[in-house]
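J.: Have a look at this one.
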Amino acid sequence: MPAETKNSTLSPSLVGKQSDSLREAFGKALSDLADSDEKIVVLDSDVAGGTGAHHFRTRHPDRFIQCGIAEQNMVGVASGIAHRGLKPFATTFAVFMLRALEQIRLSVAYSNMNVKLVASHPGLDVGPDGASAQCLEDLACMRAIPGMVVLSPCDALEVAAATKALASYEGPAYMRTGRSPCPNLYDSEPDFVIGKGRVIRKGRDVTLIGCGVMTYRAFAAAEMLAANGIEAGVVHMPTIKPIDRALLEELASETSLVVTCEDHNVTGGLGSAVAEVLSESARVPQRRIGVNEVIGTSGEPDELAKLYGLDTESLYQSVYRMVRESQNEAT
């Protein structure tokens with residue numbers, strides 16, 4: 001298991017092997033936690049089969065609250081339950097969670113309620129459901145809410161660890177999961193500390209910073225870059241807020257270029273969070289890779305990743321070009 005430090009280096013041994021989807025990992029982990037924590041309650045908006053919450057519904061039906069297709073009400077109920085000292089987890093698809101943004105801001109954040117918001121189907125991973133269901137703005141929306149913790153774990157093992165951390169954390173929080181099975185980056189369940197990033201791979205020419213499913217793709221792209229003469233470091237940043245400022249400042253002193261990678265709009269998400277830190281405390285060029293100010297379209301997740309330049313091959317091509325351009329500018 002990786003050491004518990006902010007800048008620990010990880011050598012994944014299961015890269016390329018499939019695991020549970022992130023949503024299934026969440027549902028299983030929360031059900032296990034609830035066996036020994038009777039304060040955990042789950043609220044659902046009629047999509048338990050799509051969020052992983054069906055595991056909790058089966059094992060703990062007395063603590064599962066079906067709110068129907070009424071996300072605003074679900075968040076309000078969750079806030080009331082938290083006020084009574086329980087630990088509510090409100091679950092739905094990411095795009096539907098945005099329907100309740102006013103209630104999240106006022107009933108949860110303004111009131112500082114211990115409510116955990118867990119959203120499946122984020123980003124292009126939604127695939128064939130199309131533009132109306134592909135939420136590419138949630139990290140930006142949640143990050144802008146005062147006091148809101150924002151998480152985006154990278155694989156099923158880390159989702160389980162993050163779920164445990166959320167259950168122990170007191171305060172408002174939002175976590176992305178995911179619809180599709182994804183490769184494991186970790187070889188065992190990692191220690192998870194809210195607010196800490198992790199160095200996956202060291203590199204001097206460029207540092208790729210990813211979150212969610214993009215961290216694995218960044219790691220795979222870094223291996224391709226290394227085979228072509230570019231030493232790319234990879235950092236996983238599962239906490240978008242509060243972001244690991246100390247690690248970012250350390251990296252800025254060790255590399256000549258930073259590139260962020262996210263399954264999200266380039267505005268307001270991981271790239272913006274990193275840029276805010278680097279612009280205040282370090283002088284290092286940064287580039288952002290994400291979805292460029294579009295709503296999305298229908299297609300299989302892998303096809304969409306390629307279409308929008310977020311697959312491994314596209315990352316490799318983009319970063320290779322960025323590094324060479326940066327090197328030419330420096331000479």
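The values are calculated or read from the model by the stated rules, or taken from the named source; none is laboratory data. Values in this document were obtained by computation on a predicted structure and should not be read as measured data. Because the Cβ atoms are built from the backbone with ideal geometry, glycine has one as well, and the counts that use them run over all protein chains shown. SASA here: full protein model, heavy atoms, side chains in, ligands and nucleic acids out. Shrake-Rupley method; radii C 1.70, N 1.55, O 1.52, S 1.80 Å.
J.: Look through Ala34, Ala78, Ala70 and report the one residue that is of a type in the set (Gly, Ala, Ser), in contact with a Pro (Cβ under 6 Å, 6 or more places away or on another chain) and modelled with pLDDT of 95 or more.
T.: Only one candidate qualifies: Ala78.
J.: Considering only segment 263-302, state which residues are surrounded by 14 or more Cβ atoms within 10 Å (Cβ to Cβ), within 19 Å of Cys141 (Cα to Cα) and either at pLDDT below 90 or of a type in the set (A, V, I, L, M, F, W, C) (or both).
T.: Val266, Leu270, Ala273, Val274, Ala275, Val277, Ile289, Val291, Gly296
J.: Just need a number here: residues in segment 42-70 that are within 21 Å of the chain's Cα centre (by Cα) and farther than 17 Å from Glu24 by Cα.
T.: 0
J.: Further question on the same structure: Could you run through segment 109-135 and say how many residues are within 19 Å of Phe26 (Cβ to Cβ), of a type in the set (A, V, I, L, M) and crowded, with 24+ Cβ neighbours inside 10 Å?
T.: Count: 5.
J.: Give segment 126-165 a look and list any residue that's assigned to a helix (DSSP H, G or I), of a type in the set (A, V, I, L, M) and in contact with a helix residue (DSSP H, G or I) (Cβ under 9 Å, 6 or more places away or on another chain), or say none.
T.: Passing the criteria: Val126, Leu139, Ala140, Met142, Ala156, Leu157, Val159, Ala160, Ala161, Ala162.
J.: Against the definition (under 18 Å from Met237 (Cβ atoms), surrounded by fewer than 22 Cβ atoms within 10 Å (Cβ to Cβ) and at pLDDT 90 or above), how does Thr312 come out, yes or no?
T.: No, not satisfied.
J.: Still on this structure: Restricting to segment 21-39, give me the number of residues that are touching a residue at least 60 places away in the same chain (Cβ under 8 Å) and crowded, with 20+ Cβ neighbours inside 10 Å.
T.: Quick first cut of segment 21-39, residues touching a residue at least 60 places away in the same chain (Cβ under 8 Å) only: 21-26, 28-30, 33, 37.
Pick out the ones that are also crowded, with 20+ Cβ neighbours inside 10 Å and you get 21-26, 29-30.
Qualifying residue count for the region: 8.
J.: Is it true that some residue in segment 195-211 is open to solvent by 40 Å² or more (accessible area, probe 1.4 Å), under 15 Å from Cys154 (Cβ atoms) and either more than 18 Å from the chain's Cα centre (by Cα) or in contact (Cβ under 8 Å) with a residue 24 or more places away in the chain (or both)?
T.: Yes, segment 195-211 contains a residue that is open to solvent by 40 Å² or more (accessible area, probe 1.4 Å), under 15 Å from Cys154 (Cβ atoms) and either more than 18 Å from the chain's Cα centre (by Cα) or in contact (Cβ under 8 Å) with a residue 24 or more places away in the chain (or both).
J.: Has segment 135-147 got any residue that is within 22 Å of the chain's Cα centre (by Cα), modelled with pLDDT under 95 and of a type in the set (Asp, Glu)?
T.: There is no residue in segment 135-147 that is within 22 Å of the chain's Cα centre (by Cα), modelled with pLDDT under 95 and of a type in the set (Asp, Glu).
J.: Sticking with this one: Can you name the number of the only condition in (1) surrounded by fewer than 22 Cβ atoms within 10 Å (Cβ to Cβ); (2) charged (D, E, K, R); (3) more than 18 Å from Val235 (Cα to Cα) that Asp138 fails?
T.: Going through (1) surrounded by fewer than 22 Cβ atoms within 10 Å (Cβ to Cβ); (2) charged (D, E, K, R); (3) more than 18 Å from Val235 (Cα to Cα) one by one, Asp138 breaks only (1).
J.: Now for a separate question. Would a scan of segment 151-173 turn up a residue that is modelled with pLDDT of 95 or more, of a type in the set (A, V, I, L, M) and under 16 Å from Ala273 (Cα atoms)?
T.: Yes, the conditions are met somewhere in segment 151-173.
J.: To continue, here is another question. When only residues in segment 315-326 that are within 15 Å of Val258 (Cβ to Cβ) and open to solvent by less than 70 Å² (accessible area, probe 1.4 Å) count, which is modelled with the lowest pLDDT? Break it down stepwise before answering.
T.: The first filter runs over segment 315-326 and keeps only residues within 15 Å of Val258 (Cβ to Cβ), leaving 315, 318-319, 322-323, 325-326.
Retained after the next criterion (residues that are open to solvent by less than 70 Å² (accessible area, probe 1.4 Å)): 315, 318-319, 322-323, 326.
Numbers: Leu315: 97, Ser318: 97, Val319: 97, Met322: 95, Val323: 94, Ser326: 82.
The extreme case among them is Ser326.
J.: Follow-up. Out of Leu248, Leu257, which single residue is open to solvent by less than 20 Å² (accessible area, probe 1.4 Å) and over 20 Å from the mean Cα position of the chain (by Cα)?
T.: None of the other options fit; the residue is Leu257.
J.: Hey, does segment 159-168 have a residue that's under 12 Å from the mean Cα position of the chain (by Cα) and either open to solvent by less than 10 Å² (accessible area, probe 1.4 Å) or closer than 28 Å to Gly299 by Cα (or both)?
T.: Yes, some residue in segment 159-168 is under 12 Å from the mean Cα position of the chain (by Cα) and either open to solvent by less than 10 Å² (accessible area, probe 1.4 Å) or closer than 28 Å to Gly299 by Cα (or both).
J.: Out of all the residues in segment 81-122, which are under 25 Å from Ser21 (Cα atoms), assigned to a helix (DSSP H, G or I) and touching a Pro at 6+ places or on another chain (Cβ under 7 Å)?
T.: Residue satisfying the conditions is Ala94 alone.
J.: Can you tell me which condition Glu223 does not meet? The list is (1) farther than 19 Å from Val149 by Cα; (2) in a helix (DSSP H, G or I); (3) touching a helix residue (DSSP H, G or I) at 6+ places or on another chain (Cβ under 7 Å), and all the others hold.
T.: Single failed check for Glu223: (3).
J.: Let me ask something else. Any residue that is in contact with a Leu (Cβ under 7 Å, 6 or more places away or on another chain) and over 28 Å from Gly299 (Cα atoms) - is there at least one of those in segment 97-104?
T.: Checked segment 97-104: at least one residue is in contact with a Leu (Cβ under 7 Å, 6 or more places away or on another chain) and over 28 Å from Gly299 (Cα atoms).
J.: Next up: May I ask you to verify whether Met74 is within 19 Å of Val126 (Cβ to Cβ), part of a helix (DSSP H, G or I) and in contact (Cβ under 8 Å) with a residue 24 or more places away in the chain? Even if it seems obvious, please write down each step before you answer.
T.: Details: within 19 Å of Val126 (Cβ to Cβ): no; part of a helix (DSSP H, G or I): yes; in contact (Cβ under 8 Å) with a residue 24 or more places away in the chain: yes.
Answer is no for this residue.
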